[in-house]
Amino acid sequence: MSGQQLAAVILAAGQGTRMKSALPKVLHPVAGEAMVNFPIRLCRELRCRETVLVVGHGAEEVRRTLAEQPLRFAVQAEQLGTGHALLCAADELRDFSGTLLLLCGDVPLLRRQTLERLLAYHGEQQAAVTVLTAEMANPHGYGRIVRDGEAVLRIVEEKDASAKEKTIHEINTGIYAFQAPLVFEALRSVGRNNAQGEYYLTDVLEIARAQGLAVRALAVTDADEPMGINDRVQLAEANAIMRRRINEAHMRAGVTLIDPDTTYVDTSVTIAPDCVIHPNVHLRGATRLGGNCIVEPGVIVTDCEIGEHAHLKAGSVLAESTLGPCCAIGPMAHLRPGTVLAGHNKLGNFVETKKAQLAEKAQASHLTYIGDAEVGRNVNIGCGTITCNYDGVNKHKTIIEDDVFVGSDTQFVAPVRIGRNSLIGAGSTITKDVPPDSLALSRCEQRIIEGWRLRQKTKKS
């Protein structure tokens with residue numbers, strides 16, 4: 001780029017009618033994040049001085065979603081074509097001089113390396129316009145690239161193409177590098193005398209050529225990269241492609257995926273080497289897995305920090321939780337937001353936690369609810385235990401100190417504190433604090449009425 005400044009415009013104003021959705025098209029997720037985030041990230045990685053997002057349909061929702069991104073916004077109030085969309089960004093870039101990169105908000109598969117190649121070629125050729133192209137076996141519906149060697153003569157849209165031009169397989173991806181402010185000057189002279197009555201961005205190429213300026217094209221090496229998303233079918237295809245990329249990267253970095261085709265990992269997930277991930281696992285959001293973890297089939301993990309040597313057993317669901325090393329979870333456990341395990345903990349079959357802190361080696365093996373609780377070291381919580389944390393108005397805390405043994409079918413009616421090294425007898429309902437080193441029981445005395453069943457049968461007869 002010969003040291004030129006770089007700016008970018010991302011087109012995200014389309015209605016996306018074929019998505020048949022109330023959600024703006026560019027906010028539909030690919031690998032766990034809105035598709036428009038992908039070109040935004042590319043602009044950040046390329047160190048664009050300015051990035052302008054052109055919005056239209058659903059503009060306010062798009063603005064809200066991207067409010068924390070370093071963007072400028074331009075509004076295309078009326079949908080009059082891509083040329084008009086780019087021109088809407090002119091005021092935001094009125095003081096900019098250099099290379100202008102044009103991207104599309106519905107093209108999430110584009111790689112940084114491809115754009116670096118495009119920008120380098122654009123600079124080497126000293127071009128006014130360089131268009132990114134692709135060879136397609138079936139180019140129907142796409143604008144065709146009409147060349148004379150390296151030079152691009154024009155881009156002709158499908159509806160305006162002759163029979164001969166429709167035989168061309170090199171198509172326009174909609175990705176460009178322009179010289180600015182030249183591109184904006186050219187756009188102001190573009191008309192709407194075409195089949196669609198729109199301001200064609202492609203007319204800029206002919207204007208540049210008429211001024212004796214170089215117009216060039218660079219073909220992508222991977223035809224998947226410039227794929228635009230216009231409907232739910234293409235959205236699924238893009239997700240599948242992105243999933244393969246993500247999974248291949250993890251496998252090459254030392255992660256074992258038993259069945260990559262049925263493993264779903266968001267772009268923002270981090271997995272350390274020597275983890276083993278089984279089929280039908282979903283790793284979402286800001287999840288981080290330490291080394292040597294095993295994740296069994298059907299596990300869903302969202303925004304969790306998982307320590308090394310964790311074993312997440314089949315069917316477990318974890319969200320917004322932190323696990324220290326060597327924890328065993330499940331099968332069929334549910335760790336809800338605010339769960340913190342110090343390490344070497346076991347939460348077994350059908351154990352549910354929420355806003356619960358468990359110190360090292362505390363465990364609950366099955367059929368238990370622990371909510372709004374602090375649990376000390378080496379605590380064993382028996383089957384069927386419940387922390388009754390809600391009184392109908394407020395939440396209250398249960399505190400269980402170190403080395404406590406809790407018998408099965410125990411209810412802790414919070415707020416309550418259980419002193420260290422205590423024993424809670426099975427079947428108890430604990431409503432008062434228990435001192436350290438104590439035995440707490442709340443059972444009724446067992447009564448036996450001999451012959452009761454026989455007498456009942458006699459009455460019925």
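Details
- 5 angstrom amide H check on C327, placed H, neighbours 5+ away: A310, H311, H344, N345
- Sorted by Cβ neighbour density within 10 Å, fewest at the top, the residues K397, K354: K397, K354
- Amide H within-cut-off set for R154, under 5 Å, with H built and near neighbours excluded: V146
- Of all DSSP beta bridges in the chain, antiparallel share, percent nearest 5: 20 percent
- The alpha carbon centroids of the range 205-249 and the range 404-461 are separated by 68 Å.
- With the charge dipole of the chain set up from +1 on Lys and Arg Cβ and -1 on Asp and Glu Cβ about the Cα centre, the Cα lying farthest toward the positive end among the listed residues V413, A186, V276 is that of V413.
- Förster-model FRET efficiency, 56 Å R0, Q5 and D261, C-beta, rounded to 0.05: 0.80
- Counted by neighbouring Cβ atoms within 10 Å, the residues V156, V26, V107 run from fewest to most as V156, V107, V26.
- Principal semi-axes in Å for the range 52-158 [√(5λ), Cα gyration tensor, largest first]: 27, 18, 15
- The charge dipole of the range 312-419, taken about its Cα centre with unit charges on the Cβ atoms of Lys, Arg (+1), Asp and Glu (-1) only, comes to about 200 debye.
- The loop-placed GluC sites (Glu not before Pro) in the range 20-101, going by DSSP, that have at most 12 neighbouring Cβ atoms within 10 Å of their Cβ come out as E68, E78.
- Extreme residue, positive dipole direction of the chain, given options N230, L115, I386 (C-beta unit charges): I386
- Within-11-Å neighbourhood charge of A161 [Cβ basis; K, R +1; D, E -1]: +1
- Evaluating 6.51 cos²θ - 1.76 cosθ + 1.60 at θ = phi - 60° for every residue in the range 16-27, the Karplus couplings come out as x, 4, 6, 6, 6, 9, 6, 7, x, 3, 6, 9 Hz, glycine and proline recorded as x.
- Dipole magnitude of the range 6-219 about its Cα centre (Cβ charges: Lys, Arg +1; Asp, Glu -1), debye to nearest 20: 260 debye
- Net +/- balance of residues flanking G324 in space, Cβ distance below 11 Å, scoring K and R +1, D and E -1: -2
- Positive-end residue of V295, T65, V129, charge dipole of the chain with Cβ unit charges: V295
- Here the range 6-219 carries DSSP beta bridges of which approximately 50% are antiparallel, counting only pairs with both residues inside.
- Cα-based shape type of the chain, given that a ≥ b ≥ c are square roots of the gyration tensor eigenvalues and the cut on a/c is 1.5: prolate
- A426 versus R47: modelled label distance in nm, points set 7 Å from Cα along the beta carbon direction: 6.8 nm
- In order along the range 441-448, the phi-based Karplus estimate (6.51 cos²θ - 1.76 cosθ + 1.60, θ = phi - 60°) of 3J(HN,Hα) comes to 9, 9, 7, 6, 5, 6, 10, 10 Hz; Gly and Pro are listed as x.
- Exceeding the 25 Å Cα-Cα cut-off - candidates K313/K395; K355/K432; K25/K355; K346/K432; K25/K354; K313/K361: K313/K395; K25/K355; K346/K432; K25/K354
- Local electrostatic count, T339, Cβ distance below 13 Å [Lys/Arg +1, Asp/Glu -1]: -3
- In this simple spin-label model, placing a label point 7 Å from the Cα along the Cα-to-Cβ direction at both A67 and R188 gives a separation of 3.6 nm.
- For the chain, size of Cβ-based charge dipole, Lys and Arg +1, Asp and Glu -1, in debye: 1620 debye
- The chain - percent relative contact order, Cα under 8 Å, separation 6 or more: 8 percent
FYI, it's all coordinate maths here, none of it is from the lab. Predicted model, so just to flag it, every value in this text is computed and none were measured. Ideal geometry is used to build each Cβ from the backbone, glycine not excepted, and the neighbour counts take in all protein chains shown.
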